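The values are calculated or read from the model by the stated rules, or taken from the named source; none is laboratory data. Note that the coordinates shown come from a computational prediction; the quantities given were computed from them, not determined experimentally. FYI the Cβ positions are ideal-geometry reconstructions off the backbone, even for glycines, and counts take in every protein chain you see. SASA here: full protein model, heavy atoms, side chains in, ligands and nucleic acids out. Shrake-Rupley method; radii C 1.70, N 1.55, O 1.52, S 1.80 Å.
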Amino acid sequence: MPSKRLSVVVTRRLPEVVETRMKELFDVELREDDTPMSKREIVEAMQRADVLVPTITDTIDGGMLGQAGERLKLIASYGAGVDHIDVQTARQRGILVSNTPDVLTDDTADMAIALIIGLKRRLVEGVRMVQDGGWDGWAPTGMLGHRVAGKRLGILGMGRIGQAVAKRARAFGMQIHYHNRRRLHRDIEESLEATYWESLDQMISRVDILSVNCPHTPATFHLVNARRLKLMKPTSVIVNTSRGEVIDEAALTRALRAGEIAGAALDVYEKGQMVNPRLADLPNVILLPHMGSATEEGRIEMGEKVIINIKTFEDGHRPPDQVVPSML
Ligand SMILES: NC(=O)c1ccc[n+]([C@@H]2O[C@H](COP(=O)([O-])OP(=O)(O)OC[C@H]3O[C@@H](n4cnc5c(N)ncnc54)[C@H](O)[C@@H]3O)[C@@H](O)[C@H]2O)c1
Ligand SMILES: O=C(O)[C@H](O)CO
């Protein structure tokens, strides 16, 4: 008699090849349209499934986990960040949580570099000028930006993506500085020629570009706040491809409008897709719709990771990308 297959509920549409493979392997319930599930729908899914596959926009708080069914054993999230899940409560209730790191590292780091160069070389301003018919032709002093080579890049959160940003930035001639919860192993530090700053205040006041690459946790919430923004050089810029909550967005908006810093490029925002209109109308700002990991290859590989996590769990082992509270 064939063994009973795991029942899996997926909250959003995933790449077709991933959904097809899931249908072959599991007793899977796929979403028909691509609207996010309501809180109630997610709770109901957690009452009938062995495994829930949410994405990074599905909040799963302690109250919702308290209503999960006895059979829910794994939340195999599609995405690297896990700040939408109350991992501590899940653990207390014996529910494992996994994510999909590594496969989106290169894509997200590429986007951070694109944003750094885009800001320093005024790429989006230039595109807008041509599109709006405002370009009068080449001029010796027209559209001057700043060279990235030789600039000091400060990386806040030197994990997978932070290190991938550092490697790329080295190739563009930037000098690497970083602040991280833990200092890197000396070999890695040397290979990146990276300078470690135990004090974020000290690093932030010296760099020309700040790249935010740490996760959103209670400890990183508003790590870049009004006080720290005032420490930054007026010529410096900020790029955020991690989570909006790491930066106090209202303070950033004020700092940009007051000329305390020279620019910002954001892929992520404090309130999801609710982009502050006072940010959106600034010329020295690039705003993207959370697309750091948005490549066809990456999104398929993220799905493959979800499948591996579920399959490994089904085979009686811990999912390779299990997230535990001590990692956060
Ligand atoms: N924009 C996107 O599309 C996109 C794509 C992938 C990941 N992300 C975000 O990027 C984050 C980082 O991803 P990763 O794969 O590099 O994670 P990672 O765990 O490999 O690296 C995170 C680093 O941040 C450090 N850190 C944690 N708390 C800190 C603190 N309080 N102060 C200083 N450093 C701290 C950790 O020590 C670690 O080195 C994810 O959590 C996710 O939120 C965004
Ligand atoms: O955390 C993540 O995975 C990104 O924000 C989206 O891929």
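The condition of being assigned by TED's automatic domain parsing to the domain that holds Asp248, within 26 Å of Val82 (Cβ to Cβ) and away from ligand 2 (no atom under 16 Å from the Cβ) does not hold for Asn213. Would you check if Pro283 is closer than 18 Å to Ala114 by Cα and either at pLDDT below 95 or not assigned by TED's automatic domain parsing to the domain that holds Arg122 (or both)? Yes; evaluated as a whole, the condition is true for this residue.
A quick yes/no check of all residues on (1) in a helix (DSSP H, G or I); (2) of a type outside the set (A, V, I, L, M); (3) open to solvent by less than 40 Å² (accessible area, probe 1.4 Å); (4) within 16 Å of ligand 2 (Cβ to nearest atom):
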site: Gly173; (1), (2), (3), (4): no, yes, yes, no
site: Tyr178; (1), (2), (3), (4): no, yes, yes, no
site: Asp201; (1), (2), (3), (4): yes, yes, no, no
site: Thr235; (1), (2), (3), (4): no, yes, no, no
site: Ala251; (1), (2), (3), (4): yes, no, yes, no
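Among the residues of the range 275-328, write down those that are open to solvent by less than 50 Å² (accessible area, probe 1.4 Å), within 15 Å of ligand 1 (Cβ to nearest atom), of a type in the set (S, T, N, Q) and out of contact with any strand residue (DSSP E or B) (no Cβ under 6 Å at 6 or more places or on another chain). Passing the criteria: Ser293, Thr295. Check whether at least one residue in the range 259-272 is at pLDDT below 95, small (Gly, Ala, Ser) and farther than 27 Å from Ser326 by Cβ, and report yes or no. There is at least one residue in the range 259-272 that is at pLDDT below 95, small (Gly, Ala, Ser) and farther than 27 Å from Ser326 by Cβ.
Residues are listed down the side, and each one gets a yes or a no for (1) under 21 Å from Leu287 (Cβ atoms); (2) within 16 Å of ligand 1 (Cβ to nearest atom); (3) in the same structural domain as Glu16 (by TED's automatic domain parsing); (4) not aliphatic (A, V, I, L, M):
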{"position": "Arg31", "(1), (2), (3), (4)": "no, no, yes, yes"}
{"position": "Thr35", "(1), (2), (3), (4)": "no, no, yes, yes"}
{"position": "Gln47", "(1), (2), (3), (4)": "no, no, yes, yes"}
{"position": "Val51", "(1), (2), (3), (4)": "no, no, yes, no"}
{"position": "Arg71", "(1), (2), (3), (4)": "no, no, yes, yes"}
{"position": "Asp86", "(1), (2), (3), (4)": "no, yes, yes, yes"}
{"position": "Ala112", "(1), (2), (3), (4)": "yes, yes, no, no"}
{"position": "Val130", "(1), (2), (3), (4)": "yes, no, no, no"}
